[in-house]
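**Student:** For reference, the structure I am asking about is given below.
The values are calculated or read from the model by the stated rules, or taken from the named source; none is laboratory data. Quick caveat, the model's predicted, so the values are computed rather than measured. Here the Cβ positions follow ideal geometry from the backbone for every residue, glycine too, while neighbour counts run over all protein chains shown. We work out accessible area using only protein heavy atoms, side chains counted, and drop any ligands, DNA or RNA first. Shrake-Rupley method; radii C 1.70, N 1.55, O 1.52, S 1.80 Å.
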Amino acid sequence: MLATPAEAVVAGTNVLYTLDEHFDEGVLQDVNHDAPNNDQQQLDKADVFFPYVNIAASARGTMVRIDVNTGETVGEWFSAPSGRGRDPSRTTVDRLGNTWLSNRAESSDVDGDGNPDGSITRVGVVVGGTRVNGDGSANPAGDYLAGPFAYNTCQDRDGDGLIATSRGLGDIRPWTNAGGVDNDGGVATAADECLINYTRVAGTNTRTVAVDANNDVWTGGADTEHEKVSGATGAPVPGTRFDLGCGGYGGLVDQAGTLWSARYGTNLLRYEPGGGSGACLDLSHGDYGLGLDPNTGHVWHTTVNRGLVVELDPATGDVLGSFPHGNTFAQGVAVDRDGNVWVAHSILGGGQTTVGHLRTDGTFVGNVTLPGGAGPTGVAVDTNGKIWVANLNTNNAMRIDPDAGPVGGGGFPVGAVDLTVDLGAGAAPYNYSDMTGSVLGEVTAPVGTWSVVQDGGVAGQTWGRVTWNTEAQGSVPPGTSITVEARAADTEAGLAGESFVPVGNGALFSLTGRYIEARATLTAGPDGTSPVLSDLRIRTAERSGVFSCQATALNLAGIVVARANPPDVPCVDDHEQVADVNLNAGILTVRANVLEATTDQTPDTLTGSPPAAGDASTAAARVDSTKVTATLVTIELGVISSSAKAECVAGPGGLAPQFTGSSTIASLKINGVSVTVGSAPLTIPLVIGSLRLNSTTTTATSVTQQAVVLDTLLTDLVIGEAKANVEAKPGNPGGNPCTVV
């Protein structure tokens, strides 16, 4: 089933999804957590798909998307750039809710290879969001949508964090094709960011668009050329082009992956991509609209003007039966899960005004009258099991309730129109295809997905692990699979512009961005067995270590004055100051004024913050003046300052800790005689011991800076000590805060 999340974005750097309410924070497509199998996900038995019908307004050169629940038109888009052929006639929905449409007026050779090409276009989908102006200020009539979104595949091409897209019927954003830059494919000049692909394909005057289980789309044209286009990149797949001299009109892919492509007035194409073999089936098999029975997988095919709809064996192409449908003429056909066959009675013969209704056993139930509707061409089943029909002659679309109307043949309701949507003058919706996604959702692809967007709180967040099925009910029976992919961006709108990358269960990866979107795909086995997703956790890449730091203004034989961050590990911001001291220990007397110690960490917290150049721990100590007296020796020191720093620095192998320390002594007198010191290391022998100045001790994980060290036989004195270290976390030997695990 398709579910809209209660919360569009989940905040956190380490979030576990395991209960019903957790799964509902994401979007469920053809999966459920229904009783008695609560708190886990499994594939739906009865599929539910995106709640839209996508109608090609052929004469206007646009596609219109309608909410099947309300009848509201949520957007309208050009089907091709300015200056290129449009006249779209077929639409089909992929597994991500995007709509592919074909342009039957395109047959030009813009790449100069001597072969004319057709074209197809993909329109993304966005659910939720708030209408705003370009500056982000709220405006119900604004040209942009701002997150959070419940779901989004549209691409924030200009990186402003907003999605520029149509508000509804008639709001068609320009697609200028300035300089012809999109002639040979691309959407660089499309103002609407829900236009995500424009692809030139081999089949001229393209009609066929049919999505397979891998979410790739098969295309075909009037020249009977067919080829596959990648659902991931939107580009033609090399080596897939073929021409058997048939097909090129309406098409679909069945559960076995076989491509069926109709041809008005001539032969039907049946092609098996796996073996690269195919055949052209004769006119006894039908010659126009194609539909799939979601219960049996049987193919249904209309005949334009012979009053019959034909049932075919998908495994062989053999005719299983031919049945009357209540009219001489027919175009589109659709089969619902309740065993009903619906036939659009065509624009031919002056424009018909009914939709035929029969059962899959051939029983004719009756004709559904279309009040105010004429020229029905396309027909499809929506996510609620209702039937949509596009009426070319009257520029409208209608929804049929299959449980309404009078009782007809076999004791079944005939059905009745319960909603009409005006598509506006000049629409001419010549539209028959999988315009709701029912064929793909119910038959072609026995898979389901669950996706969720998580907010890491800071730009450049580093994401590192996704784990799943850590609980006992999680299972992947033989022949089934669960795959997980992820992508990240610094804005929610920017996610759709990033490619998903596969992630291993519990394996470390590196994606950066404030937001991460994870998508789990559940695939059934050949016998329909479903895998079970019991839980899934998304977390950032944790640093493998922490900083430590400490600063001490004065330490006389263990008597400490003004020490910042006494624990040392971890480093924290701290500051200590003492006005003056007068100490005695052993042979030494020490007087000092204005003693100060400071420690600091950047950033203040490492939790949930990815490593970055400049992350550091620092320590600093300062004493304004000091006088040390002992037998035969008097030492006078001016301002003493000392600092130490451990910092993440970018290098050839990535970030690594770098250690620096320095100190200065403004002035020094020994028994009244001035000694020049500065910042260079210096050792001075004395009768009572030795005086070491500006000492730096560096190891692989630390730096210690000592401005003044007086060693005597009985007493040691240290003035101005600063330390900065990196420490590994338990279980991460060699770890440090500049790297992640």
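**Student:** Report the extension gain between Gln577 and Leu508 in nm, rounded to one decimal, defined as 0.36 nm multiplied by the number of residues separating them, less their alpha carbon distance.
**Tutor:** Extending this stretch completely gives an extra 20.4 nm.
**Student:** In addition: At 0.36 nm per residue, minus the direct Cα-Cα distance, what do Glu72 and Lys669 gain on full extension? Give it in nm, one decimal, please.
**Tutor:** So the chain would gain 206.1 nm between Glu72 and Lys669.
**Student:** Taking only the alpha carbons of region 418-478, what extent do you get along each of the three principal axes, in Å, biggest first?
**Tutor:** Here the Cα extents, ordered largest to smallest, are 54, 41, 21 Å.
**Student:** Another one. Identify the residues of region 614-646 with backbone N under 15 Å of a label point that sits 7 angstrom from the Cα of Leu686 along the Cα-to-Cβ direction, or state none.
**Tutor:** Within reach of a label on Leu686: 626-638.
**Student:** Rounded to a whole number of µm²/s, how large is the Stokes-Einstein D of region 240-364 at 37 °C and 0.692 mPa s, given Rh as the Kirkwood radius over C-alpha pairs?
**Tutor:** Calculated translational D: 230 µm²/s.
**Student:** Please give, to one decimal in nm, the separation of the simple spin-label points placed at Arg591 and Ala232, each 7 Å out from Cα toward the Cβ.
**Tutor:** 7.8 nm
**Student:** Also, I was wondering about something else. Could you state the orientation-averaged shadow area of the convex hull built on the Cα atoms of the chain, in nm² to one decimal?
**Tutor:** Result: 40.0 nm².
**Student:** Quick one: with all protein chains in place, what share of the accessible area of the chain is carbon or sulfur, to the nearest percent (1.4 Å probe)?
**Tutor:** Carbon with sulfur: 51 percent of the solvent-accessible area.
**Student:** Let me ask something additional. Which part of region 500-517 falls in the paramagnetic zone of Val741, meaning amide N under 20 Å from the point 7 Å along Cα-to-beta-carbon?
**Tutor:** Residues 504-511 qualify, since their backbone N sits under 20 Å from the label point.
**Student:** Something else about it: On average, how much accessible surface per residue is there in the chain, in Å², for a 1.4 Å probe, leaving out ligands, DNA and RNA?
**Tutor:** With the other protein chains kept in place, the chain gives 36 Å² per residue.
**Student:** Hey, what's the per residue convex hull volume over the C-alpha atoms of region 568-608, in cubic angstrom?
**Tutor:** That works out to 73 Å³ per residue.
**Student:** Now, a different point. In straight Cα distance, which lysines are under 18 Å from Lys627, not counting same-chain residues fewer than 8 positions off?
**Tutor:** Once the sequence-local lysines are set aside, what remains near Lys627 is Lys669.
**Student:** Another one. What order do you get for 341-353, 224-236 when each peptide is scored by the mean count of other beta carbon atoms within 10 Å, highest first?
**Tutor:** Highest mean packing first, the order is 341-353, 224-236.
**Student:** Taking 0.36 nm per intervening residue step and subtracting the Cα-Cα distance, what contour gain separates Ala472 from Ala728 on full extension?
**Tutor:** 88.9 nm
**Student:** Hey, if we sort His575, His22 by accessible area with the 1.4 Å probe, largest down, what's the order?
**Tutor:** Per-residue accessible area, sorted high to low, gives His575, His22.
**Student:** Based on the Cβ-Cβ distance from Ile559 to Gln658, what FRET efficiency comes out when R0 is 30 Å, to the nearest 0.05?
**Tutor:** Efficiency at R0 = 30 Å is approximately 0.35.
**Student:** If you place +1 on the Cβ of every Lys and Arg, -1 on the Cβ of every Asp and Glu, and leave all else neutral, what size is the dipole of the chain about its Cα centre, to the nearest 20 Debye?
**Tutor:** The dipole magnitude comes to about 1280 debye.
**Student:** Within 10 Å, count the other beta carbons around each residue, average over each peptide in 323-333, 507-517, and list them highest first.
**Tutor:** Top of the packing list down: 323-333, 507-517.
**Student:** Under a straight-distance cross-link criterion of Cα-Cα below 26 Å, which lysines are reachable from Lys645, leaving out those fewer than 8 residues away in the same chain?
**Tutor:** Result set, ordered by chain and number: Lys723, Lys729.
**Student:** While we're looking at this one, here's another question. Roughly speaking, what % of Cα-Cα pairs in region 582-739 are separated by over 18 Å, rounded to a whole number?
**Tutor:** 62 percent
**Student:** Can you compute the charge dipole magnitude of region 639-741 about its Cα centre, using +1 on each Lys and Arg Cβ and -1 on each Asp and Glu Cβ, nothing else charged? Give it in debye, rounded to the nearest 20.
**Tutor:** Dipole size: approximately 100 debye.
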